[in-house]
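Notes follow once the structure below has been shown.
The values are calculated or read from the model by the stated rules, or taken from the named source; none is laboratory data. Everything quoted here is computed from the prediction, not taken from an experiment. Cβ atoms come from the backbone with ideal geometry, glycine included; neighbour counts cover every protein chain shown.
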Amino acid sequence: MNMSSPSSSFGKASDSEAASKSAAASAASGGVQVTTFTELVDEVTLHFQIIHLAKQIYVWIGSDSAKLGNLYAAAPTRPNNSVSVTSILGGASDNTGSGIARRLVLKTGLNIIVACNIPKNNPMLEANAEKKLMEKLITLGYSRPKSRSPGA
Amino acid sequence: MGGLEQRFPVPLKNFSVEIKGNNTDLVICRYDDHFLVMATQIGTMGTILHARKEEGVTVEPTFNVSVILGKRDEPMLLAITRQLIENISSSGSSMPLVLSLGLKDHSTETLKGIVSAVVENRLW
């Protein structure tokens, strides 16, 4: 199944006062499109991996190690446009990442699987990771069109 | 300071095969503590399974294979998972496997096709 979504592949690393370096790579060599990038946020290196399937996306967020982390499944839920999230691996005693999964679905309307391996008890880091991820998803063309018409 | 020349820390293979007339997209990733394999013919991850090796006291390891999201009544999915974790184990790795299978049919031919495509392109 070939996806014809625009692939943003640029590979520049730039220094900026905001101390955020990013090198993004996007490969669609046969099969699905995979986007990987690394950002330095508040002196923590975050790695992101996005696998785009036709009707679902898989996201991995890693920091110091490349462990898989906690796995969550999240999707929009009718009838109220609310979101359901469930932990499917890990996450028994900490739910770092479940909030990210929930808010990604809220903002994009996508069906998402999130694997999150960032240190727990660090809400700032979680929020920054989510922000970077959301920025990238918007760049790639995923965002829920805002519709404010009543009764729609 | 020049560019950050670090390679992305997760090796990944991304390819397609045709199995019984169905285009099948496969992705294989190697994390530090898991292998992730996705095989889809339907545009979603489908059913997600988990497999791990349990080293017993005796010489032979046993394997624990289970569905963590999705179809729990399709034994073919468990069979694929079991074949792959055994392959991982006999290649010398003890890492567990997360496998996603979004398949249009659950025939033996598809099972063999998936297993051989993954093993041919394994990262273990």
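What to note about this one:
- Candidates are the residues of region A:39-54 that are over 12 Å from the mean Cα position of the chain (by Cα) and facing chain B (nearest Cβ under 7 Å); the one that is farthest from B:L97 (Cα to Cα) is A:A54.
- Residues being at pLDDT below 95 and of a type in the set (S, T, Y) - total across region B:54-82: 2
- If the condition is being in contact with a Lys or Arg (Cβ under 7 Å, 6 or more places away or on another chain) and of a type in the set (D, E, K, R), then region A:107-141 contributes A:K107, A:E130.
- If you go through region A:55-76 and keep only what is surrounded by 19 or more Cβ atoms within 10 Å (Cβ to Cβ), farther than 13 Å from A:G90 by Cβ, at the interface with chain B (Cβ under 8 Å from one of its Cβ atoms) and small (G, A, S), you end up with A:G62, A:A66.
- Output for region B:16-66, where each listed residue is within 8 Å of another protein chain (Cβ to nearest Cβ) and more than 27 Å from A:A75 (Cβ to Cβ): B:D32
- Only residues that are of a type in the set (S, T, Y), surrounded by fewer than 16 Cβ atoms within 10 Å (Cβ to Cβ) and either closer than 21 Å to B:M45 by Cα or free of Cβ contacts under 8 Å to residues at least 24 places away in the same chain (or both) were counted across region B:80-107, and they come to 2.
- The condition of being free of Cβ contacts under 8 Å to residues at least 60 places away in the same chain, over 11 Å from the mean Cα position of the chain (by Cα) and assigned to a strand (DSSP E or B) holds for B:V65.
- Qualifying residue in region A:108-127 (condition: touching a Pro at 6+ places or on another chain (Cβ under 6 Å), touching a residue at least 12 places away in the same chain (Cβ under 8 Å) and either surrounded by 14 or more Cβ atoms within 10 Å (Cβ to Cβ) or not polar (S, T, N, Q) (or both)): yes
- Residue that is farthest from B:L49 (Cα to Cα), among those in region B:92-105 that are at pLDDT 95 or above and in contact with a helix residue (DSSP H, G or I) (Cβ under 9 Å, 6 or more places away or on another chain): B:K104
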